[in-house]
């Protein structure tokens with residue numbers, strides 16, 4: 001294991017996490033208006049609020065703090081909070097659509113009935129669509145706005161454009177949506193490790209990697225730091241999926257807050273079905289090692305939270 | 001009728017339209033990669049290419065030409081082509097999702113089987129999602145790209161940010177998706193004129209208005225011109241919907257390329273069911289008058305194509 005002189009203890013990470021979590025939850029609640037027409041706001045809020053590990057927003061904020069070297073910058077901090085919420089909206093919309101009857105047909109998510117069970121399929125479809133649009137709306141606040149409260153603080157145009165670019169690519173056909181299409185087409189097929197890798201790099205990896213890069217875009221970086229953070233993001237993204245596959249067979253629905261064992265039930269290829277449980281766990285450890293090595297190579301002095309987040313991704317129980 | 005010294009004849013508009021149409025079709029075909037994973041690219045291309053009136057892209061291009069005063073500008077022209085395609089992708093995705101069984105359950109669109117009939121519901125859902133993401137990807141090309149072909153030409157960050165802002169807002173809960181939620185909730189209800197107006201301002205009006213504003217964002221404008229073009233866009237957007245409602249009862253499926261009479265069959269409130277056919281036609285004329293008045297007030301010397309497009313929206317037969 002690579003040692004870092006700045007590794008956080010579990011309780012230090014908890015403290016860091018919980019402080020940011022309150023801010024993220026508050027911002028999400030502020031930005032997803034309950035007044036959206038005809039119950040749409042309620043469905044959107046139901047899909048996003050009161051649940052979720054918020055890993056993606058935390059990766060955004062931790063990456064922003066790492067490149068900011070711990071120095072406060074109101075503009076970049078406001079941009080990072082918007083980016084954190086935008087990424088979470090994309091993640092949440094993908095879950096809403098993924099749970100629908102024509103996809104995974106799942107009824108339980110974060111311990112609650114899924115959005116289409118609660119609000120009907122049509123409203124779930126629209127809520128997902130509206131959440132994706134809202135993500136890009138959050139990233140592009142109008143600089144001419146005169147109300148400069150925290151939530152309305154302007155962001156430089158170049159940062160807005162870069163954040164939209166990173167998020168759009170990660171969400172689209174070359175990212176999450178493309179990975180889901182592969183997932184859909186792969187049910188019942190015997191994928192090899194390379195194919196499974198490709199699928200997950202897109203399906204979950206792209207958005208996790210984008211979270212790190214969007215955080216890095218909220219600050220000044222050079223190409224070397226940028227590349228190292230990209231390696232980190234890619235390794236953490238893949239590790240997340242490997243652990244997800246492990247938990248799907250080693251945990252239960254109550255602990256996970258979603259239906260356990262559904263990959264096997266749906267005859268979906270996973271790292272566990274391909275490698276077996278032991279080698280899947282070794283692979284997760286190897287990816288953690290790669291992530292920490294990338295941080296070390298970056299030379300960033302304030303990467304301790306990114307270190308701790310990567311460790312938590314691999315060691316999580318839910 | 002307000003007279004313009006620069007009104008195009010029908011054949012002049014056809015010529016203008018067809019020239020731009022080829023460029024838009026070519027750009028859409030270039031940007032929607034057939035290589036997107038697992039057949040997703042095929043479903044996306046099927047949803048967008050070879051069909052559609054392309055009214056929204058044409059409004060973008062006409063507005064850009066109006067604010068550019070006929071002067072060529074490679075950067076703004078490239079931005080406008082991206083904006084034109086992005087708006088069309090949002091429109092196309094909304095049709096894909098709107099046609100799905102949980103929404104309108106329609107099997108015919110642009111004279112072809114709808115996307116979910118052709119590719120299955122899950123792929124249709126993903127194709128729509130990926131088209132929305134691609135719209136924002138088109139608007140945010142990487143300025144560091146070294147390949148500066150036409151399609152890869154860079155766009156200034158402030159224009160990228162403004163285009164994303166306009167499109168995200170028009171597509172989301174305060175625009176198209178919100179309007180669709182009202183539409184969904186209004187089936188079988190007796191809406192009054194104000195409520196119907198609100199629904200259509202969001203459902204179809206927001207994206208048509210945004211098309212005009214995105215074209216205007218690809219150039220230098222002052223606040224007065226901006227406001228006039230917004231009035232124009234809003235009037236044309238509403239007129240489009242009124243005429244849509246009229247055609248739904250006066251035309252047939254073959255002419256329309258989609259199922260005629262479906263509003264009445266679905267017990268949906270329309271301008272025709274509310275006002276009767278004659279008053280609906282008068283209302284469309286009134287909105288055309290408002291649109292042309294707004295152009296006159298703008299003082300733009302090169303607004304003749306916008307004039308002709310508004311006239312065509314109201315006088316169209318499909």
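The values are calculated or read from the model by the stated rules, or taken from the named source; none is laboratory data. Computed from a prediction, not measured in an experiment: that's the story for all the values here. Here the Cβ positions follow ideal geometry from the backbone for every residue, glycine too, while neighbour counts run over all protein chains shown.
Quick one: count up the residues across region B:147-177 that are assigned to a loop (DSSP other than H, G, I, E, B), in contact with a helix residue (DSSP H, G or I) (Cβ under 9 Å, 6 or more places away or on another chain) and modelled with pLDDT under 90.
The number of residues fulfilling the criteria is 2.
Among the residues of region A:205-239, count how many are crowded, with 23+ Cβ neighbours inside 10 Å and in contact (Cβ under 8 Å) with a residue 40 or more places away in the chain.
Residues in region A:205-239 being crowded, with 23+ Cβ neighbours inside 10 Å and in contact (Cβ under 8 Å) with a residue 40 or more places away in the chain: 18 in total.
If you scan region A:116-140, which residues turn out to be touching a residue at least 24 places away in the same chain (Cβ under 8 Å), part of a loop (DSSP other than H, G, I, E, B) and either more than 7 Å from chain B (Cβ to nearest Cβ) or under 18 Å from the mean Cα position of the chain (by Cα) (or both)?
Within region A:116-140, just A:139 meets the criteria.
Under the condition of being touching a residue at least 24 places away in the same chain (Cβ under 8 Å) and assigned to a helix (DSSP H, G or I), which residue from region B:184-194 is nearest to the other protein chains (Cβ to nearest Cβ)?
Only one residue tops the list, namely B:184.
With (1) closer than 14 Å to residue B:28 by Cβ; (2) over 18 Å from the mean Cα position of the chain (by Cα) as the list, and residue B:53 as the residue in question, which single condition is left unmet?
Among (1) closer than 14 Å to residue B:28 by Cβ; (2) over 18 Å from the mean Cα position of the chain (by Cα), residue B:53 violates only (2).
Taking the stated definitions as given, is residue A:248 part of a helix (DSSP H, G or I) and under 19 Å from the mean Cα position of the chain (by Cα)?
Yes: the conditions hold for residue A:248.
Of all residues in region B:113-139, count the ones that are buried (at least 24 other Cβ atoms within 10 Å of the Cβ) and in contact with a strand residue (DSSP E or B) (Cβ under 9 Å, 6 or more places away or on another chain).
Within region B:113-139, residues that are buried (at least 24 other Cβ atoms within 10 Å of the Cβ) and in contact with a strand residue (DSSP E or B) (Cβ under 9 Å, 6 or more places away or on another chain) number 2.
Within 14 Å of chain B (Cβ to nearest Cβ), modelled with pLDDT of 95 or more and surrounded by 14 or more Cβ atoms within 10 Å (Cβ to Cβ): which single residue out of A:23, A:47, A:36 fits that description?
None of the others qualify; the one that does is A:47.
Here is a list: B:224, B:180. Which entry is within 16 Å of the chain's Cα centre (by Cα), in a helix (DSSP H, G or I) and either on the phi < 0 side of the Ramachandran plot or at pLDDT 90 or above (or both)?
B:180
So, residue A:81, is that one outside any helix (DSSP H, G or I), crowded, with 21+ Cβ neighbours inside 10 Å and either free of Cβ contacts under 8 Å to residues at least 40 places away in the same chain or more than 10 Å from chain B (Cβ to nearest Cβ) (or both) or not?
In short, no.
Looking at residue B:318 and the list (1) within 21 Å of residue B:203 (Cα to Cα); (2) assigned to a helix (DSSP H, G or I), which single condition is not satisfied?
Of everything listed in (1) within 21 Å of residue B:203 (Cα to Cα); (2) assigned to a helix (DSSP H, G or I), residue B:318 misses just condition (2).
Does region A:107-115 contain at least one residue that is farther than 23 Å from residue A:202 by Cα and within 14 Å of another protein chain (Cβ to nearest Cβ)?
Within region A:107-115, one or more residues are farther than 23 Å from residue A:202 by Cα and within 14 Å of another protein chain (Cβ to nearest Cβ).
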